[in-house]
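Right, one structure below, let's go through it.
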Protein chains: 2
Amino acid sequence: MKVFGVIMAGGRGTRFWPLSTVKMPKQFLGLLPGGTMLQLTADRLAALCGRKNVMVVTGVEYRDLVLRQLPWLSPDNLLLEPVARNTAPCIGWAAAVLNDRGHGESAMLVAPSDHWVEPAREFENTATLALRAAEKGLLVTMGIPPDSPATGYGYIRKGSELLPGVYGVDSFQEKPDATTAGKYLEDGGYFWNAGIFAWRVSEILAAIALHMPELSEGLKQLGGCSEPGVDRFSMLPSESVDVGVMEKAGNAAVVPASFRWSDIGDWPGARDAGVSRGEAVMEDSENVLVYDTTGRLTVVMGLSNVSVVCTENATLVMADSCAQKLRKLSDRLQ
Amino acid sequence: MKVFGVIMAGGRGTRFWPLSTVKMPKQFLGLLPGGTMLQLTADRLAALCGRKNVMVVTGVEYRDLVLRQLPWLSPDNLLLEPVARNTAPCIGWAAAVLNDRGHGESAMLVAPSDHWVEPAREFENTATLALRAAEKGLLVTMGIPPDSPATGYGYIRKGSELLPGVYGVDSFQEKPDATTAGKYLEDGGYFWNAGIFAWRVSEILAAIALHMPELSEGLKQLGGCSEPGVDRFSMLPSESVDVGVMEKAGNAAVVPASFRWSDIGDWPGARDAGVSRGEAVMEDSENVLVYDTTGRLTVVMGLSNVSVVCTENATLVMADSCAQKLRKLSDRLQ
């Protein structure tokens, strides 16, 4: 079965201010060794589907950034959203384009462009299993075995085993409170919903037709166009594929991931994934992220659970507890 | 009575790293509006004794810095220590030089170069009172009425009133622990020892001869020279004038200060004195000092009682509780 890798790279998130901005969101940053988040994601998918089958969906304003970071990307495989929508239109559009090109019976491996995944070899193993399940007609999501009672992710409760290593989905759970998350962790039957999917092009389009008829209709009107007008695109319903399709589908499945994963949703998350830069001296300090792009020494004394980020434009000193407020503040500052 | 203002500007302190360094200690920094610490001190003294009677004692390596900051300073009145000694040799030397120039019966008003004093008018009032007492042959120190049980200063217990507003010294107390400091504060008869003095040149020389004969002998060998060799100068006993002279003198007196004062001993102390620089945004933060010399925005979120200092060379983020450790760290880093 032919496989296409579809990278969702439309995020405009600025939770990494002052490093990230609307003009340079997280997926284009080199937070980790080996390339930008987008490049690392593209490499992981290309290992499974080949570079010529890698497709990127992003905002039209990020066209040049993507082509600079992925010079090998086939221009046909760059889908430019004229406005930001949610994941269901993004994925549905990519599926519709592939279908129009005669790849209805191929598989799509869909991944966000800005997640941390380690090691790549285990991603390949899990994805191979997921693609095998997709071949059988299942809509597969990868489930991350939780190692903490995180409240920032949705959870998936697994059902019975459908294929070796592939489970039905008993239910999708919204982001829980801490107590509930603790129970999920103890139970052992719950996974974090990582937003990484595998399915046949025809299956996801059929599920959209069934559960999101409005989106299905809208996609037909786009007609496989890779640069649709803002009028048509903005009419697509802004909904996540999880809520719009997966929660309603009878053929949803989950494959537990053998890789370690983080969505690196904020600076403390970046620290946990090993992100750091610049020369730093710490004293009486624990769990400190230092990220300095200016080449200056950073000294932190007597502070724990903080992020210190220095760029040519600004210095951010932030307690972990405020990480979720940064987006709002950075919107105000930009 | 003629008055000479003697500024002790030999500090090599680096508790203001990364802003201050051995090459640019605190007294030469423009922490406050209106000039550098040295310039502000010189202005306060000049108001009482005239610019031509201002004398500066500093390290030989700071010669150019002093002359650049005080271009009006008479070169004869710049005493250059070839090595750092404590305050007794510094003050004794200045007194010996003045005595050699025929000013034995003049008064000396002695002040450290790096303290914060506000308002200048009240300094003038207190100093005038102190000089009046000095004229009567007393060795006068200015006592700061404590407004908190600070443990970082020595205390003076006042004795009986000798002249209006001038008290004998019952005892000098070393830096106390917090409980003792609390008692001193409650008692009301204690003052912080600010290290600002007034006395007749002849009186301090007589007291040195009596209580520090070794220093007295060493000063005679310098013979009024304003640039002594390192051999002779380094033989002077390194002792504070408080311990070496004031604690033993029978004619010590204290004048309670009507001005507000801080030695600005560290970054939190600077914050209390109103020091700040650069554009800053705070959220969920209290008691934060931001000092940025680079023109960049500083954002602090969710942290209190911290100092954030950004220079072209380094970024310091420090909890108040670590302020006293900074000196050691900066010595290591330089």
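Below is a table of values for the structure above.
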| quantity | calculated |
| --- | --- |
| Alpha carbon convex hull of region B:105-220, volume per residue in cubic angstrom | 128 |
| Inverse mean reciprocal Cα-Cα distance (Kirkwood Rh) of the protein assembly as shown, Å | 29.8 |
| Rounded tilt (10° steps) of B:201-211 against the dominant C-alpha axis of chain B | 90 |
| Length-normalised contact order for chain A - Cα pairs under 8 Å, 6+ apart - percent | 21 |
| Ranked A:Asp177, A:Asp114, criterion: other C-beta atoms within 10 Å, fewest first | A:Asp177, A:Asp114 |
| Amide H partners (placed H, <5 Å) of B:Asp170, local residues excluded | B:Arg157, B:Lys158, B:Gly159 |
| Alpha-carbon centroids, region B:40-68 and region B:109-178: separation in whole Å | 22 |
| Order of A:Ser307, B:Ser240, B:Ser276 under a 10 Å beta carbon neighbour criterion, fewest first | B:Ser276, B:Ser240, A:Ser307 |
| Percent antiparallel among DSSP beta bridges (both partners in region A:196-315, rounded to 5) | 10 |
| Cα-derived Rg over Rh, computed across region B:268-333 with Rh taken as Kirkwood radius | 0.95 |
| Computed [θ] at 222 nm, helices only, for chain B once each DSSP H run of length n ≥ 4 contributes -39500 (n - 2.57) | -9000 deg cm²/dmol |
| Rounded to the nearest 20 debye, dipole of chain A from Cβ charges on Lys, Arg, Asp, Glu | 600 |
| Global geometry of region A:176-313, whether rounded, prolate or oblate, following the gyration tensor of its Cα atoms and the 1.5 cut on a/c | oblate |
| Inter-copy separations for A:Lys328, label at 7 Å along Cα-Cβ, nm, ascending | 4.1 |
| Shortest-first nm distances, B:Ala84 label point to equivalent points in other copies (7 Å, Cα→Cβ) | 5.3 |
| Förster-model FRET efficiency, 51 Å R0, A:Arg63 and B:Glu61, C-beta, rounded to 0.05 | 0.30 |
| Taking B:Asp284, B:Asp242 and counting other C-beta atoms within 10 Å, the order from fewest to most | B:Asp284, B:Asp242 |
| Cα centroid separation, region A:273-334 to region B:249-268 (Å) | 39 |
| Cα-Cα over 23 Å, subset of B:Lys158/B:Lys183; A:Lys175/A:Lys328; B:Lys220/B:Lys248; A:Lys2/A:Lys158 | A:Lys2/A:Lys158 |
| In degrees, nearest ten, helix B:120-135 long axis to first principal axis of chain B (Cα) | 20 |
| Inter-copy spacing of A:Met282 label points, which lie 7 Å from Cα along Cα→Cβ, given in nm from shortest upward | 2.6 |
| Length-normalised contact order for region A:183-334 - Cα pairs under 8 Å, 6+ apart - percent | 13 |
| Acute angle (nearest 10 degrees) that the helix B:37-49 long axis makes with the longest principal axis of chain B, alpha-carbon atoms | 30 |
| Hull volume in cubic angstrom per residue (convex hull over the Cα atoms of region B:3-265) | 116 |
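No lab work stands behind these numbers, since they all come straight from the coordinates. The shown structure was predicted, so the numbers you read here are calculated from the model rather than taken from an experiment. Positions of Cβ are backbone-derived with ideal geometry, glycine not excepted, and every protein chain shown enters the neighbour counts.
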